[in-house]
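> Sharing a structure below in structure tokens format, with a few things to ask.
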Amino acid sequence: MKMEAAEIKKALQMEAKRLKIDKIGFASAEPFTELKERLKRHREAGFESGFEEPDLDKRTDPRKILPEARSIIAIALAYPTKMEQPPVSKPGAYRGVFCRASWGEDYHNVLKRKLEGLKAKLLELVPGAAATVMVDTGALSDRAVAERAGIGWSGKNTSIITPEFGSWVYLGEMITDVHLPPDQPVTEACGDCTACLDACPTGALVAPGQLNSRACLAYLTQTKGFLAPEYRDLLGGYLYGFETCQAVCPYNRKKNFTHHEEFTPDPEKVRPLLKPLLQLSNREFRERFGSMAGSWRGKKPIQRNAIIALGRFRDRTAVPDLIRLLKEDPRPVIRGTAAWALGRIGGPEAADALSLAGKTERDQKVKEEIEKALDECRGEETANHRTYREA
Ligand code: B12
Ligand code: SF4
């Protein structure tokens with residue numbers, strides 16, 4: 001006997017509980033017309049990160065993905081925000097930080113498994129149903145889907161905020177040709193609060209709900225080229241991702257959900273010692289970090305960010321490693337960033353290595369970094385000399 005849409009929905013909600021899915025919501029698969037206009041304006045303003053699906057029709061019309069689409073089932077999984085015994089960063093043994101969205105097993109795999117579980121249930125209830133699952137890398141805007149399905153509201157920091165778990169949630173969805181009664185969007189909202197807009201160190205949140213991705217530190221940690229100098233002091237030890245706009249949100253305060261074992265962080269992986277990161281081979285990087293979401297751009301951005309962190313911490317014990325990179329690394333970004341860090345740390349050893357490298361370096365951008373770093377070393381020397389004479 002054919003099941004009623006409401007009964008199928010109920011059965012899926014129960015299955016979601018069994019699968020330990022924290023939130024499930026249902027939405028129609030009508031095109032996201034308003035979003036399309038917004039995405040156009042977002043593109044025109046130059047605010048895209050380049051990680052989004054470029055085809056705006058596909059991004060906003062579920063039927064471009066599944067022609068007979070009628071409903072979308074959205075899910076959210078909460079992730080932890082606190083570590084039991086976070087390793088301590090100390091002079092000579094400084095550590096970097098992976099954002100919480102990269103703790104534990106790569107969330108793409110975890111959410112896809114949950115969604116496949118739901119799909120199996122749907123096929124059991126409605127044999128022959130069509131369904132497609134996606135998490136992050138799919139064409140749809142996971143946030144727009146979650147908003148329509150009543151998972152949470154779209155915060156001024158652009159994140160989906162759930163009343164129960166704050167914005168510390170991953171999102172995913174399944175498009176299906178089965179009709180399912182839709183849920184209502186949540187009515188709660190940010191109100192007068194502007195904490196995230198005020199706290200963003202780069203002003204990337206240009207207006208409530210509008211992010212210039214190109215200035216967002218979460219994006220900038222993932223780029224593979226040189227990091228523009230004005231951002232280097234703002235990373236604060238982050239190697240992958242950034243989360244100030246979430247950390248300051250009052251809806252996120254004291255939220256720490258540890259019930260998904262998959263997301264339990266390995267402290268040595270998410271707060272790794274910086275110096276050993278500089279030596280990693282590709283294989284070692286894959287073995288150590290390959291299962292984390294934060295490894296998807298490879299080791300270069302992580303190493304570049306580790307060098308920036310060592311420079312920012314002015315870690316003198318890192319000077320020999322940085323000199324080796326400056327002299328031997330085949331990647332200009334790594335040589336140039338090492339030059340910057342040496343300039344920051346200063347001292348005669350760093351200055352000698354920089355002036356020597358300046359004589360043989362062929363890459364124009366690296367040469368410029370070396371010059372600027374030498375200026376910084378000289379400035380430091382003059383300042384020290386003055387202090388000595390004045391004393
Ligand atoms: C590209 C991308 C990025 C880029 C750009 C982020 C951005 N805000 O646009 C960068 C690299 C910066 C990034 C960073 C992060 N990301 Co990201 N990212 C994506 C990705 C792949 C596409 C997002 C996108 O299209 N952005 C373009 C904007 C314009 O669209 P949108 O945010 O999807 O849609 C919303 C707006 O358009 C808004 N909107 C629509 N119309 C209107 C009209 C008005 C007037 C207003 C105000 C708003 C508004 O409402 C929509 C729904 O909320 C999604 C996955 C996916 N497929 O959707 C993950 C995703 C958004 N990222 C996610 C996460 C976890 C992060 C980080 C927290 C990771 C970290 N710690 O570093 C940060 C958060 C930074 C931030 N404030 O957004 C999660 C978000 C979960 C949540 N609770 O919201 C997602 C959904 C991945 C997932 N499946 O879980 N990300
Ligand atoms: S910090 Fe305030 S304005 Fe920003 S998302 Fe949270 S509640 Fe909204």
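> Take the residues in the range 254-287 that are outside any helix (DSSP H, G or I) and within 16 Å of ligand 1 (Cβ to nearest atom), then tell me which one is surrounded by the fewest Cβ atoms within 10 Å (Cβ to Cβ).
ASN256
> Cβ-Cβ below 9 Å, separation at least six or inter-chain, first residue in the range 240-251 and modelled with pLDDT of 95 or more and within 6 Å of ligand 2 (Cβ to nearest atom), second of a type in the set (Ser, Thr, Tyr) and not in a loop (DSSP other than H, G, I, E, B): which pairs?
Cβ pairs passing all conditions: TYR251/THR162.
> Something else about it: Name the residue, out of LEU227, LEU197, that is more than 12 Å from ligand 2 (Cβ to nearest atom) and either under 24 Å from LEU277 (Cβ atoms) or not in a loop (DSSP other than H, G, I, E, B) (or both).
Among LEU227, LEU197, only LEU227 is more than 12 Å from ligand 2 (Cβ to nearest atom) and either under 24 Å from LEU277 (Cβ atoms) or not in a loop (DSSP other than H, G, I, E, B) (or both).
> Taking the range 176-225, which residues are more than 20 Å from the chain's Cα centre (by Cα), within 13 Å of ligand 1 (Cβ to nearest atom) and buried (at least 20 other Cβ atoms within 10 Å of the Cβ)?
CYS190
> Run down ARG362, ARG314, ARG335 and say which single residue is at negative phi and surrounded by 14 or more Cβ atoms within 10 Å (Cβ to Cβ).
ARG335
> Is at least one residue of the range 122-132 of a type in the set (Val, Ile, Thr) and either under 22 Å from ASN256 (Cα atoms) or within 16 Å of ligand 1 (Cβ to nearest atom) (or both)?
So far as the range 122-132 goes, yes, one or more of its residues are of a type in the set (Val, Ile, Thr) and either under 22 Å from ASN256 (Cα atoms) or within 16 Å of ligand 1 (Cβ to nearest atom) (or both).
> What are the pairs with Cβ atoms under 7 angstrom where one residue, in the range 46-58, is over 21 Å from ILE175 (Cα atoms) and the other, located anywhere, is among the hydroxyl-bearing types (Ser, Thr, Tyr) and away from ligand 2 (no atom under 16 Å from the Cβ)? Sequence gap at least six, or different chains.
Listed by first residue and then by second, the contacts come to PHE47/SER213; GLU48/SER213; SER49/SER213; SER49/TYR219.
> Restricting to the range 141-175, count the residues that are surrounded by fewer than 22 Cβ atoms within 10 Å (Cβ to Cβ), farther than 22 Å from GLU34 by Cβ and either within 11 Å of ligand 2 (Cβ to nearest atom) or acidic (Asp, Glu) (or both).
So the count comes out to 1.
> On to the next question. Quick one: what pairs do we get from the range 126-141, first residue under 9 Å from GLY172 (Cα atoms), second modelled with pLDDT under 95 and surrounded by fewer than 18 Cβ atoms within 10 Å (Cβ to Cβ), C-beta under 9 Å, 6+ apart or different chains?
none
> Could you list, ordered by first residue, the pairs with Cβ atoms under 9 Å in which the first is in the range 327-356 and more than 17 Å from ASP315 (Cβ to Cβ) and the second is among the basic types (Lys, Arg) and buried (at least 20 other Cβ atoms within 10 Å of the Cβ), at least 6 apart or interchain?
LYS327/ARG335; GLU328/ARG335; ASP329/ARG335; ARG331/ARG304; VAL333/ARG304
The values are calculated or read from the model by the stated rules, or taken from the named source; none is laboratory data. Note that this is a predicted model, so its numbers are computed, not measured. So basically every Cβ, Gly included, is an ideal-geometry build from the backbone, and we count neighbours across all protein chains shown.
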